[in-house]
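S.K.: One structure, as structure tokens, below. Some questions next.
The values are calculated or read from the model by the stated rules, or taken from the named source; none is laboratory data. Quantities reported herein were computed from a predicted structural model and do not represent experimental measurements. Using ideal geometry, Cβ is built from the backbone for each residue, glycine included, and neighbour counts are taken over all protein chains shown.
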């Protein structure tokens with residue numbers, strides 16, 4: 001079967017369609033107003049990463065010429081043009097949405113003001129803030145007589161044009177210090193009206209103070225920013241440690257090739273041309289609005305106006321892990337699944353804290369891809385090490401954009417006696433594993449964690465993920481084997497229960513899909529349910545097409561990139577794909593196979609992309625507990641029947657076709673939150689009744 005352009009969606013264009021769906025959330029008047037502003041920030045942040053990673057990759061592909069067509073299904077130059085056209089369209093919609101949101105905020109009593117719209121009292125307030133807080137943080141660079149400065153990805157800048165009486169023009173550059181100061185300045189409330197101002201405009205107001213030693217008659221500032229290629233080139237010098245190599249390459253990233261330059265569309269041509277020449281810019285020069293780096297909208301203040309924000313959903317506690325003397329004893333008796341952020345991540349921290357002081361616990365092993373700043377997970381590991389436990393942390397130094405943070409975490413762990421293993425040569429370690437070894441007399445017991453998301457307290461409040469905690473030896477002993485591989489890479493291990501990339505994943509997934517095809521041919525019920533972030537791998541897509549043609553019913557929930565084309569007659573008639581975007585980022589990965597009535601279910605750390613299946617260590621774990629299976633089944637039911645936040649992914653990658661059905665509104669995340677809250681309330685009622 002040909003894998004031509006009609007059967008494989010372009011990955012980059014599919015990603016842009018996903019970000020279109022994010023922008024729709026900002027446009028959706030059913031969402032609370034301030035949350036819509038924050039979706040603008042998410043859209044902007046996503047787009048920045050897209051340019052740093054995906055556009056940079058396509059640009060590098062241009063150097064391969066004809067060889068690149070097989071990898072992209074498009075000529076790289078043509079694809080870059082299509083990307084550029086789509087980005088320009090999205091930018092236009094983004095600016096219109098910003099304008100409409102500014103108006104709506106004003107109607108709600110939240111006024112966005114700039115340096116030209118301040119009252120005298122507000123002017124005094126802002127100028128005082130500028131002198132006390134902002135001016136000391138600014139480092140203006142005079143550009144006319146110096147080499148081009150090194151611009152960073154994380155910052156936005158003001159390009160300043162200064163003109164003297166004799167019409168001599170000078171240029172300067174000011175970095176907006178949003179890394180150390182809030183991007184938004186909240187002004188004093190007046191008669192019930194709130195006022196907020198961009199840090200950029202605070203700087204504009206103070207321009208005359210910044211350059212007061214020069215006799216300029218006109219000074220104006222225009223926003224600009226640059227995005228660089230995020231690829232890391234790792235030096236192969238064998239005399240350097242892994243930490244030294246990665247530290248050097250992270251620093252080199254800051255000097256990488258520009259892939260996008262965005263500027264205020266009102267920037268004078270002489271200033272723009274000067275910057276293009278000085279910064280040696282080529283291509284992707286995009287005119288935009290007055291403010292850039294709008295990912296900072298993710299932190300837009302709420303002014304204490306609860307009615308403009310999402311209702312607070314407090315994560316529920318797990319009934320089986322509440323008011324228990326020992327959590328490890330609970331895990332000895334039964335499997336426990338935690339579903340974030342509907343349930344609290346603190347249970348996982350509590351299990352590690354208990355293990356850190358339990359005298360019968362001898363060893364803790366964990367692998368970490370991303371962890372929070374001031375991580376309680378890290379603190380628990382250090383505590384365990386100080387209590388004499390053997391603690392091993394497998395830290396992935398190549399976690400994109402977290403490399404510097406992971407280097408610091410590694411050093412902190414090492415300084416406190418934790419053995420740190422820096423991943424596996426040639427493979428990224430992306431699985432989410434913990435194994436705790438406890439000895440009671442002559443009995444050795446293993447408690448294992450397999451999850452879909454990182455051990456990160458902050459994202460556990462923002463992303464949907466599941467964790468399986470189990471002492472079932474079928475799983476826990478195989479998790480221990482994975483850590484043996486991390487320690488000694490020649491110990492590949494044999495896995496009869498876990499699906500482990502890159503060892504048995506393609507073989508096992510092929511067996512599972514082909515099993516459903518055989519069931520369909522025999523007239524049995526045959527179905528597959530797949531929930532992933534991204535579906536890109538051609539081999540897996542071709543298998544799913546074959547399964548559809550064999551009569552297997554396939555339902556998929558794909559949040560982001562989906563290169564499979566559903567609903568094509570004779571190819572993918574039996575495949576339905578939806579994408580859910582709501583207040584939480586859908587991140588859980590679940591696989592379900594009908595298996596002739598004996599349903600098989602897995603949770604996984606891996607998307608179906610070549611990198612996850614072939615170039616990363618990923619782990620999928622089977623769910624053996626019937627109660628947990630039913631729980632996951634219920635959440636999948638909510639998602640597959642969501643008629644509020646689920647968009648249908650079709651052949652044309654339309655982004656605004658919402659799934660319909662049912663007489664009642666079904667918003668899956670809300671239904672899931674209510675389900676877990678009701679379970680905990682029910683448990684509390686039982687507890688109270690038992691005491692009466």
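S.K.: Just to check your reading of the model, which residue among 318, 292, 347 is buried (at least 17 other Cβ atoms within 10 Å of the Cβ) and in the same structural domain as residue 114 (by TED's automatic domain parsing)?
M.R.: None of the others qualify; the one that does is 292.
S.K.: Would you check which residues across the range 114-134 are out of contact with any helix residue (DSSP H, G or I) (no Cβ under 7 Å at 6 or more places or on another chain) and either in contact (Cβ under 8 Å) with a residue 24 or more places away in the chain or over 30 Å from residue 23 (Cβ atoms) (or both) and list them?
M.R.: Once the filter is applied, which keeps residues that are out of contact with any helix residue (DSSP H, G or I) (no Cβ under 7 Å at 6 or more places or on another chain) and either in contact (Cβ under 8 Å) with a residue 24 or more places away in the chain or over 30 Å from residue 23 (Cβ atoms) (or both), the range 114-134 yields 119, 120, 121, 122, 123, 124, 125, 128, 131, 132, 133.
S.K.: For the range 377-392, does any single residue satisfy the condition of being part of a strand (DSSP E or B) and under 24 Å from the mean Cα position of the chain (by Cα)?
M.R.: No, because not a single residue in the range 377-392 is part of a strand (DSSP E or B) and under 24 Å from the mean Cα position of the chain (by Cα).
S.K.: Against the condition part of a strand (DSSP E or B) and touching a residue at least 40 places away in the same chain (Cβ under 8 Å), how does residue 111 come out, does it pass?
M.R.: Criteria met by residue 111.
S.K.: Look at residue 449 and say whether it is part of a loop (DSSP other than H, G, I, E, B), assigned by TED's automatic domain parsing to the domain that holds residue 369 and surrounded by 21 or more Cβ atoms within 10 Å (Cβ to Cβ).
M.R.: When the stated conditions are applied, residue 449 does not pass them.
S.K.: Consider only pairs whose beta carbons are under 7 Å apart and that are at least six residues apart or on different chains; among these, list those whose first residue lies in the range 415-429 and is at positive phi and in the same structural domain as residue 368 (by TED's automatic domain parsing) and whose second residue is assigned to a strand (DSSP E or B) and buried (at least 18 other Cβ atoms within 10 Å of the Cβ).
M.R.: 423/394; 423/429
S.K.: Follow-up. Name the one entry in 495, 490 that is more than 23 Å from residue 406 (Cα to Cα), surrounded by fewer than 20 Cβ atoms within 10 Å (Cβ to Cβ) and without any contact (Cβ under 8 Å) to a residue 12 or more places away in the chain.
M.R.: Checking each option against the conditions leaves just 490.
S.K.: Taking the options 289, 283, name whichever one is farther than 30 Å from residue 671 by Cβ and in contact with a helix residue (DSSP H, G or I) (Cβ under 6 Å, 6 or more places away or on another chain).
M.R.: After ruling out the rest, the residue left standing is 289.
S.K.: When you go through (1) more than 21 Å from residue 465 (Cβ to Cβ); (2) in contact with a strand residue (DSSP E or B) (Cβ under 8 Å, 6 or more places away or on another chain) one by one for residue 307, which number turns out not to apply?
M.R.: So the condition that residue 307 fails would be (2).
Table: residues versus (1) in contact with a strand residue (DSSP E or B) (Cβ under 8 Å, 6 or more places away or on another chain); (2) at pLDDT 95 or above.
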| site | (1), (2) |
| --- | --- |
| 549 | no, yes |
| 555 | yes, yes |
| 558 | yes, yes |
| 569 | no, no |
| 584 | yes, yes |
| 600 | yes, yes |
| 604 | yes, yes |
| 618 | yes, yes |
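S.K.: Moving on to the next point. Which one is modelled with the highest pLDDT, of the residues in the range 394-417 that are buried (at least 17 other Cβ atoms within 10 Å of the Cβ) and not in a helix (DSSP H, G or I)?
M.R.: Per the criteria, the residue is 394.
S.K.: Residue under question is residue 639, and the condition is that it be buried (at least 22 other Cβ atoms within 10 Å of the Cβ) and either more than 19 Å from residue 575 (Cα to Cα) or modelled with pLDDT of 95 or more (or both); does it hold?
M.R.: Considered against the rule, which asks whether it is buried (at least 22 other Cβ atoms within 10 Å of the Cβ) and either more than 19 Å from residue 575 (Cα to Cα) or modelled with pLDDT of 95 or more (or both), residue 639 comes out as yes.
S.K.: Filter the range 455-490 down to residues that are over 17 Å from residue 392 (Cα atoms) and in a loop (DSSP other than H, G, I, E, B) and give me whichever is nearest to the chain's Cα centre (by Cα).
M.R.: 462
S.K.: Let me ask something else about it. Checking residue 339 against (1) in contact with a strand residue (DSSP E or B) (Cβ under 8 Å, 6 or more places away or on another chain); (2) surrounded by 18 or more Cβ atoms within 10 Å (Cβ to Cβ); (3) part of a helix (DSSP H, G or I), which single condition isn't satisfied?
M.R.: (3)
S.K.: In the list 458, 432, which residue meets the criterion of being surrounded by fewer than 19 Cβ atoms within 10 Å (Cβ to Cβ) and either under 19 Å from residue 377 (Cα atoms) or at pLDDT 95 or above (or both)?
M.R.: Exactly one residue qualifies, and that residue is 458.
S.K.: Give the range 140-177 a look and list any residue that's part of a loop (DSSP other than H, G, I, E, B), surrounded by fewer than 20 Cβ atoms within 10 Å (Cβ to Cβ) and either outside the structural domain of residue 213 (by TED's automatic domain parsing) or modelled with pLDDT of 90 or more (or both), or say none.
M.R.: Once the filter is applied, which keeps residues that are part of a loop (DSSP other than H, G, I, E, B), surrounded by fewer than 20 Cβ atoms within 10 Å (Cβ to Cβ) and either outside the structural domain of residue 213 (by TED's automatic domain parsing) or modelled with pLDDT of 90 or more (or both), the range 140-177 yields 140, 168, 177.
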